[in-house]
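The values are calculated or read from the model by the stated rules, or taken from the named source; none is laboratory data. Note that the structure is a prediction, hence the values are computed from the model and not measured. Methodologically, a virtual Cβ is constructed for each residue, glycine included, from the backbone with ideal geometry; neighbour enumeration extends over all protein chains shown.
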Amino acid sequence: MTKAIKVLAVDDHPMLREGIAAVLEGEPDMELVGEAANGREAIELFRHHRPDVTLMDLQMPELNGINAIAAIRSEFPAARFVVLTTYRGDVQALRALKAGASGYLLKNMLRKDLLDTIRAVHAGLRRIPPEIAAELADHVTEDALSDREVEVLRRVAAGNSNKIIGAQLSVSEATVKGHMKSILSKLGANDRTHAVTIAIKRGIIDG
């Protein structure tokens, strides 16, 4: 009998963790060794249990999933992660993969794809759903926002006017308007609110 794959589940929603536990319960080749509600707990539990595969939510309080992955991998370079998210956001996917995730699962796919994804990642493979891969291919090159554009959009999302953003960034209002024009064009957005909505959905800025 081969050793069971040790799995750590990290998500701030207890219901989702319960769902994962229920899916894993009947699998003889898997064992849920721990559950964490945020990135800080995830780091502590990883040190304690040394799981084979960690299921990591991206958006959590205290420490988000991407930073938790980076922190764990700096200590345990061989750690393997499957990212769990409600977003199809290509930017989030790319950040997670750069941080060291090997798999990417939308939460509505858990019942269907969770077990296969855990087994594949444990075997050293990558598992990215076709629709996420398509998003990456569509967006990663041709419409990436610059760091300054992301900063402007964050300040727009916080409810600031162009004039206030200009003052905050020590640039003219006209410069901010220029950035906004570029942002709307790159995101295919109709207006500022639409741009913020798209950016949150795609993981360019936090909601």
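Going through region 140-160 one residue at a time, which ones are of a type in the set (Asp, Glu) and in a helix (DSSP H, G or I)?
Scanning region 140-160 gives ASP147, GLU149, GLU151.
So the check is Cβ under 8 Å with 6+ separation or different chains; which pairs have a first residue in region 167-193 that's touching a residue at least 40 places away in the same chain (Cβ under 8 Å) and within 14 Å of GLU151 (Cβ to Cβ) and a second one that's surrounded by fewer than 16 Cβ atoms within 10 Å (Cβ to Cβ) and not small (Gly, Ala, Ser)?
none
Look at region 39-74 and say how many of its residues are within 18 Å of TYR104 (Cα to Cα) and outside any strand (DSSP E or B).
Counting residues in region 39-74 that are within 18 Å of TYR104 (Cα to Cα) and outside any strand (DSSP E or B) gives 16.
Just to be sure before I move on: is LEU114 assigned to a helix (DSSP H, G or I) and either in the same structural domain as ARG47 (by TED's automatic domain parsing) or within 14 Å of ASP11 (Cα to Cα) (or both) in the structure I sent?
yes
Report, by residue number, each residue of region 161-201 that is farther than 24 Å from ALA93 by Cβ, touching a helix residue (DSSP H, G or I) at 6+ places or on another chain (Cβ under 7 Å) and not in a helix (DSSP H, G or I).
Residue satisfying the conditions is SER172 alone.
Quick one: GLY203 ticks every box in (1) surrounded by fewer than 19 Cβ atoms within 10 Å (Cβ to Cβ); (2) closer than 30 Å to ARG80 by Cβ; (3) touching a residue at least 24 places away in the same chain (Cβ under 8 Å) bar one, so which box is it?
The single condition GLY203 does not satisfy is (1).
Every residue in region 144-183 that is of a type in the set (D, E, K, R) and more than 29 Å from the chain's Cα centre (by Cα), please.
Selection gives LYS163, GLU173, LYS177.
Take ALA22 and decide whether it is buried (at least 23 other Cβ atoms within 10 Å of the Cβ) and either in a strand (DSSP E or B) or of a type in the set (A, V, I, L, M, F, W, C) (or both).
Answer is no for this residue.
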